[in-house]
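See structure below.
The values are calculated or read from the model by the stated rules, or taken from the named source; none is laboratory data. What you see is a predicted model; the values in this text were computed from it and never measured. So basically every Cβ, Gly included, is an ideal-geometry build from the backbone, and we count neighbours across all protein chains shown. Please note that ligands, DNA and RNA were not included when accessible areas were found on the heavy atoms of the full protein model with its side chains. Shrake-Rupley method; radii C 1.70, N 1.55, O 1.52, S 1.80 Å.
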Amino acid sequence: MSRIYSCGILGLGSSLPEKVLTNFDLEKMVDTTNEWIMKRTGISERRILEKDVPAHELGVDAANKALKDAGISAEDLDLIIVATETPDYLTPSTSCLIQSRINAKKAAAFDLNAACSGFIYGLTVADQFIKSGYYKYVLLIGCEGLSKITDWEDRNTCVLFGDAAGAAVLGRVEDGYGIMSTYIGADGDLGKNITAPCCYLSCEDIEVRTRDNKRVLWMDGGEVFKFAVKVMEHGTNKVLEQSNLTLEDLKLIVPHQANIRILDGAAKRLGVSKDKIFINLHKYGNISSASIPVGLNEAYEGKMFTKGDNLVLVGFGGGLTWGSALVRWSK
Ligand SMILES: CC(C)(COP(=O)(O)OP(=O)(O)OC[C@H]1O[C@@H](n2cnc3c(N)ncnc32)[C@H](O)[C@@H]1OP(=O)(O)O)[C@@H](O)C(=O)NCCC(=O)NCCS
């Protein structure tokens, strides 16, 4: 599709539950230690929704903040895309729940599931609508309540995840700025390495993918680890190449935050110093599709980049999927 308009990020917002679950809390729940979790993952604590609070509450809050930052009203929105692997309902979609709550009467709304790569998938979709001129304003939210599908008896997974939402308002920006390139991919052959059953359970799934009849998230961490380091490098290089840029042109990489050792491994393979990589996973753990927008928002609020700076957003996740984007900051 030819590019008529340039698409960029006009506003950002994020939302985290107040409740903090520390490694020391987890020591009382499963056979683990703060030392093991810190050393093997880099995570110190995570935020968890109260049982009776749905994840889309975080999405509503993040959306309102992003709209305020963009200086537009919800009524201006043409489309809401929610990237999520933990929708509160199969129907209505989380995007429709949020559309109603923020009063975005004119906006179409749908959810998209590419697990932790969801925000980059959503960015790629939103970019098509805006650059073609079909829509003027798209709200993209990564919204997750992973605590609701976590197996709190499985020490292999329960120490890793948290709840959060991050939102971005996308719209037209000056030519030469905004989303310069995106790249998304999937390898369904590796899908069994992270699963969270929904409407169907095979006999083999019942053995390992449920706990007390509750469908839970299950993962082969080692397999995902190897895949993650590889695609972080590949995704970063791919969007640099597509934008005719090199690592030297980059101000910051904002990666999906899953494990500090994955980030270290990717930095090493890319040959970039660690200060070029944004890190906040010690505070929130793996928050799936919310990870990149929450990280980007923190870096933005911390003034870690300015207009004209080149940023790479890069992630990987269930599916297995991956995605990256080169964004030249336009504000
Ligand atoms: C999950 C992960 C942290 C596990 O770390 P690891 O170093 O690979 O650890 P292993 O799975 O090899 O387990 C090593 C040992 O630690 C144990 N262990 C696992 N979790 C533990 C915990 N929370 N506390 C203490 N011990 C733990 C294992 O049982 C195993 O014990 P064993 O040797 O007696 O069998 C790591 O593989 C990872 O981060 N993978 C990527 C996950 C990811 O990114 N997922 C999301 C994709 S979006």
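For the range 155-191, filtered to residues that are of a type in the set (D, E) and touching a strand residue (DSSP E or B) at 6+ places or on another chain (Cβ under 7 Å), the residue that is nearest to the ligand (Cβ to nearest atom) is D163.
Per the listing S330, S291, S243, the residue uniquely among the polar types (S, T, N, Q), within 16 Å of the ligand (Cβ to nearest atom), touching a residue at least 12 places away in the same chain (Cβ under 8 Å) and out of contact with any helix residue (DSSP H, G or I) (no Cβ under 6 Å at 6 or more places or on another chain) is S291. The range 134-229 holds strands (runs of 3 or more DSSP E) entirely within its bounds, and those carrying 1 or more residues that are more than 23 Å from Y89 (Cα to Cα) map to 163-173, 178-186. So, of the residues in the range 16-75 that are within 16 Å of the ligand (Cβ to nearest atom) and closer than 14 Å to K148 by Cβ, which turns out to be nearest to the chain's Cα centre (by Cα)? By that ranking, first place goes to R46.
Residues that are open to solvent by less than 10 Å² (accessible area, probe 1.4 Å), under 30 Å from L140 (Cβ atoms) and in contact with a strand residue (DSSP E or B) (Cβ under 9 Å, 6 or more places away or on another chain): does the range 36-43 have at least one? Within the range 36-43, one or more residues are open to solvent by less than 10 Å² (accessible area, probe 1.4 Å), under 30 Å from L140 (Cβ atoms) and in contact with a strand residue (DSSP E or B) (Cβ under 9 Å, 6 or more places away or on another chain). Of the residues making up the range 177-198, one or more are among the hydrophobic types (A, V, I, L, M, F, W, C) and surrounded by fewer than 14 Cβ atoms within 10 Å (Cβ to Cβ).
For the range 84-106, does any single residue satisfy the condition of being in contact with a Phe, Trp or Tyr (Cβ under 9 Å, 6 or more places away or on another chain), open to solvent by less than 10 Å² (accessible area, probe 1.4 Å) and not polar (S, T, N, Q)? No, every residue in the range 84-106 fails to be in contact with a Phe, Trp or Tyr (Cβ under 9 Å, 6 or more places away or on another chain), open to solvent by less than 10 Å² (accessible area, probe 1.4 Å) and not polar (S, T, N, Q). Among residues of the range 49-69 that are in the same structural domain as G166 (by TED's automatic domain parsing), those with a Cβ under 6 angstrom from a residue that is assigned to a loop (DSSP other than H, G, I, E, B) and of a type in the set (D, E), sequence gap 6+ or separate chain, pair up as P54/D88; A55/D88; H56/D88. Here the range 217-230 is the region considered, the condition is being under 20 Å from E144 (Cβ atoms) and of a type outside the set (F, W, Y), and the residue that is nearest to the ligand (Cβ to nearest atom) is G221.
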